[in-house]
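Following: one structure in structure tokens, then a few remarks.
All of the numbers you see were taken from the coordinates with simple rules; none came from a lab. Computed from a predicted model, the values in this text were never measured in an experiment. No Cβ is skipped: glycine too gets one built from the backbone with ideal geometry, and neighbour counts run over all protein chains shown.
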Amino acid sequence: MRLLAGTIFDRPPRCERCDELEENCRCPAPEVKRVPPQKQTARISTEKRKKGKMVTVIRGLSSTENDLAVLLTRLKTICGAGGTVTDDEMEIQGIHIDRVRQELQAIGYRVRE
Ligand SMILES: [Zn+2]
């Protein structure tokens, strides 16, 4: 008896990006090389945006070495504020240097201001 018959495990594996069978997939390998937080330094600063709004900017963490989307979500929750990530830069609305520093250090990052 085949326990997995009819489940997703019964189908041949397909690429998540191009939906080709994995043996036909020509997608480039994802360039993810995770680096331990202890070996990275985040730089936190505040900047003024249009209409005088202040934002907290986190630089120095590469998107190829970190899951910045996950990190941003965590920081947004901690700060109770909105935010965006573009390339290697995260931005939280408002001034949250202390909270961002504490959270990044709790994860293990080195932090510079
Ligand atoms: Zn593919």
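Springs join every pair of Cα atoms under 10 Å in this Gaussian network model of the chain, and among P12, P37, P28 the largest mean-square fluctuation is at P12. In the elastic network of the chain, a GNM with C-alpha springs shorter than 10 Å, the most mobile of E23, E47, E91 is E23.
For the chain, modelled as a GNM whose springs connect Cα atoms under 10 angstrom apart, the maximal fluctuation among R17, R74, R43 occurs at R17. Gain on full extension, evaluated as 0.36 nm per residue between T64 and R43 minus their Cα-Cα distance, stands at 5.9 nm. If r is the Cβ-Cβ distance from R74 to R17 and R0 is 25 Å, what FRET efficiency results, to the nearest 0.05? According to the calculation, E is roughly 0.45. Taking every DSSP helix (H) stretch of at least 4 residues in the chain, weighting each as -39,500 (n - 2.57) and dividing the sum by the residue count yields a mean residue ellipticity at 222 nm of -6000 deg cm²/dmol.
With contacts taken as Cα pairs under 8 Å at a separation of at least 6 residues, the range 31-112 carries a relative contact order of 37 percent. Across the range 88-99, rounded Karplus estimates of 3J(HN,Hα) from the backbone phi angles (6.51 cos²θ - 1.76 cosθ + 1.60, θ = phi - 60°) give 9, 10, 10, 9, 10, 5, x, 9, 9, 4, 5, 5 Hz, Gly and Pro being marked x.
Name the shape class, rounded, prolate or oblate, that the alpha-carbon gyration tensor gives for the range 31-112, where a ≥ b ≥ c are the square roots of its eigenvalues, rounded holds for a/c under 1.5, and otherwise prolate holds if a/b is larger than b/c and oblate otherwise. Prolate, because a/c is 1.5 or more and a/b exceeds b/c.
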